[in-house]
Amino acid sequence: MTTPLIKRNNPFNLKNITLAFLLIFSIGNGRAQEVYDLTRCVATGLEQNFSVKVARNQQEVAENNHTRGNAGFLPTVTTTNRLGGNLTSTTQKMNDGSENNSRGVYNTTGSAALELNMTLFNGFNVQTTWQKLNELKQKGALNTQMSMENLVAQIVAEYYYYIQQLNYQNNMEYAVSLSRERARIDEDRYLLGASSKLELLQSIVYLNEDSSRLARQNESILESEVRLKKLMSLENLEEKIKLADTSIVFNSELVYAELLNSTLDLNTSLQIAKKNHVISELDYKIIASRAYPYLNLSSNYNYGYRGYGTGNISDYGELALSSQQTNTLNYGLTLGMNIFDGFNRRREKSNALIEVENQQYRFQQVEQEIKADLLTVYYAYENNLRLVQLEEENLNVARENLEIALERYRLGALSGLELREVQKSLLDAEERLISVKYQTKLAEISLLQIAGKIMDYA
């Protein structure tokens, strides 16, 4: 009687071969998992991500700087107050040899001053500075917008990358099930004496190979999950999460002309480049304002007090003062003009004009790069749409081919090597379809980000 190679009570039977690999996927799955859909991931990231918080704080600084006082519209008022005194001892020797002594004479002094300064005219410098602060405030809002858009794009891309890895895992689990079925067929055939031991061992090798690959895929899934939780700035990175979606869905109806118009109107990088050009023009006006005369208003009020410990002796020998108070009000207008400064203003104006020109060139460069990126990504997007249709057709053919190959293998009309090739063709077709769907989604994300519509995901 032929002894079965794999006994039913053998610890190394088919059921136990992949147990060590599949056990990995059960670790931690017993705990309750938070379910995240794409909207929740994006909302959580925008609320908690640290880079976005920093950008918002920087925007707040720019908003705080946009004040009339910072621009120079308002006067400055300062006050200075002092209270003090001195303790004096005096010895006077007279011509007749007598002496006059005074000990511990305490004199007190006090003063208070209030000063006001205000620029009435400074060559429109104040008005131009006010405009510049407003542009900087708007630029701060655009920088925050760009930070948020970059984060949303990263979250969406990582979200669907996670789904891609889960789909790869499902494909590998299917490969394991096919290899297990093949090993079962070879085992039954071997027990019936219709197949050799070599074919059974080869089937087990293929099964172990697919199981090992499945186990390694779990590492890719965990890495993607950690990156997604990091983008959302979750407090507990060890917490298990579960995605609400299981497939990659993309928009196949994006139109280039509409995307281009939206890009020219809404692209954040383009708007920031425009702001930089405007700010450079205002910097030039600020330098040019120094050629005008300036008119300043100044006023101050001073109060002084002095108390004497002993009265001062007047020329008539009478006591004159025991204390003294003074009140003084000063005011005036200052008109001035910088007539010559060693040609420094002319040099600075020349450099400022060059910077204005540079900012115009930078704007044109950003515009050209954005248009090029949009066109390049759109070509890739269209090509990926065609590839999706092709790979879907290939997958249907590969599935039908596998069904026929399995039936022929059961009947002994197909070799194990040929079945492995058919099986590999199906799995490769699955992976190619998953990959091209993800690449199409990435192209969609890039197109929406360039067109300034990435926040639609929020």
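The values are calculated or read from the model by the stated rules, or taken from the named source; none is laboratory data. Keep in mind that this is a model prediction, so the values were computed, not measured. Counting neighbours? That spans all protein chains shown, and the Cβs are built from the backbone with ideal geometry, glycine included. Just the protein is used for accessible areas: all its heavy atoms, side chains included, with ligands, DNA and RNA removed. Shrake-Rupley method; radii C 1.70, N 1.55, O 1.52, S 1.80 Å.
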### Query
Looking at THR90, THR78, which is the one that is exposed (fewer than 12 other Cβ atoms within 10 Å of the Cβ) and closer than 27 Å to TYR301 by Cβ?
THR78
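Could you please give the count of residues in segment 220-238 that are of a type in the set (A, V, I, L, M, F, W, C), part of a helix (DSSP H, G or I) and in contact (Cβ under 8 Å) with a residue 12 or more places away in the chain? Talk me through it step by step, then tell me what you get.
Here is the first cut: in segment 220-238, the residues of a type in the set (A, V, I, L, M, F, W, C) are 221-222, 226, 228, 231-232, 234, 237.
Now restrict to residues that are part of a helix (DSSP H, G or I): 221-222, 226, 228, 231.
Those still in the list that are in contact (Cβ under 8 Å) with a residue 12 or more places away in the chain too: 221, 228, 231.
Total satisfying the criteria: 3.
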### Message
Looking only at segment 59-75, filter to residues that are aliphatic (A, V, I, L, M) and open to solvent by less than 70 Å² (accessible area, probe 1.4 Å); which one of those is nearest to GLY307 (Cα to Cα)?
### Response
ALA71
### Query
Among all residue pairs at least 6 apart or on different chains, which show Cβ distances below 9 Å where the first residue, located in segment 292-310, is on the phi > 0 side of the Ramachandran plot and the second is of a type in the set (D, E, K, R)?
none
### Task
Go through segment 407-433 and give me each residue that's open to solvent by 20 Å² or more (accessible area, probe 1.4 Å) and in contact (Cβ under 8 Å) with a residue 60 or more places away in the chain.
ARG410, GLY412, ARG420, GLU430, GLU431
### Query
Do we find a residue being part of a helix (DSSP H, G or I) and under 24 Å from TYR159 (Cβ atoms) anywhere in segment 416-430?
yes
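If you take the residues of segment 171-195 that are hydroxyl-bearing (Ser, Thr, Tyr) and surrounded by 20 or more Cβ atoms within 10 Å (Cβ to Cβ), which of them is farthest from the chain's Cα centre (by Cα)?
TYR190
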### Query
Could you list, in sequence order, the residues of segment 123-149 that are polar (S, T, N, Q), surrounded by fewer than 19 Cβ atoms within 10 Å (Cβ to Cβ) and under 26 Å from GLY336 (Cα atoms)?
GLN127, GLN131
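Residue under question is LEU200, and the condition is that it be over 30 Å from ASN57 (Cβ atoms), open to solvent by less than 60 Å² (accessible area, probe 1.4 Å), assigned to a helix (DSSP H, G or I) and modelled with pLDDT under 85; does it hold? Reasoning before the result, please.
Values: over 30 Å from ASN57 (Cβ atoms): yes; open to solvent by less than 60 Å² (accessible area, probe 1.4 Å): yes; assigned to a helix (DSSP H, G or I): yes; modelled with pLDDT under 85: yes.
Spelling it out, LEU200 is indeed over 30 Å from ASN57 (Cβ atoms), open to solvent by less than 60 Å² (accessible area, probe 1.4 Å), assigned to a helix (DSSP H, G or I) and modelled with pLDDT under 85.
Give the number of residues within segment 297-323 that are modelled with pLDDT of 90 or more and either basic (Lys, Arg) or open to solvent by less than 50 Å² (accessible area, probe 1.4 Å) (or both).
Step one: of segment 297-323, the residues modelled with pLDDT of 90 or more are 297-302.
Still in the list and also either basic (Lys, Arg) or open to solvent by less than 50 Å² (accessible area, probe 1.4 Å) (or both): 298-300.
Residues flagged as modelled with pLDDT of 90 or more and either basic (Lys, Arg) or open to solvent by less than 50 Å² (accessible area, probe 1.4 Å) (or both) within segment 297-323 amount to 3.
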## Note on the structure
Picked from segment 227-258 (must be among the acidic types (Asp, Glu) and modelled with pLDDT under 90), the residue nearest to LYS371 (Cα to Cα) is ASP245
### Message
Just the residues that are open to solvent by less than 40 Å² (accessible area, probe 1.4 Å) and either of a type outside the set (A, V, I, L, M, F, W, C) or more than 17 Å from the chain's Cα centre (by Cα) (or both), please, taken from segment 436-447.
### Response
VAL436, TYR438, THR440, LYS441, ALA443, GLU444, LEU447
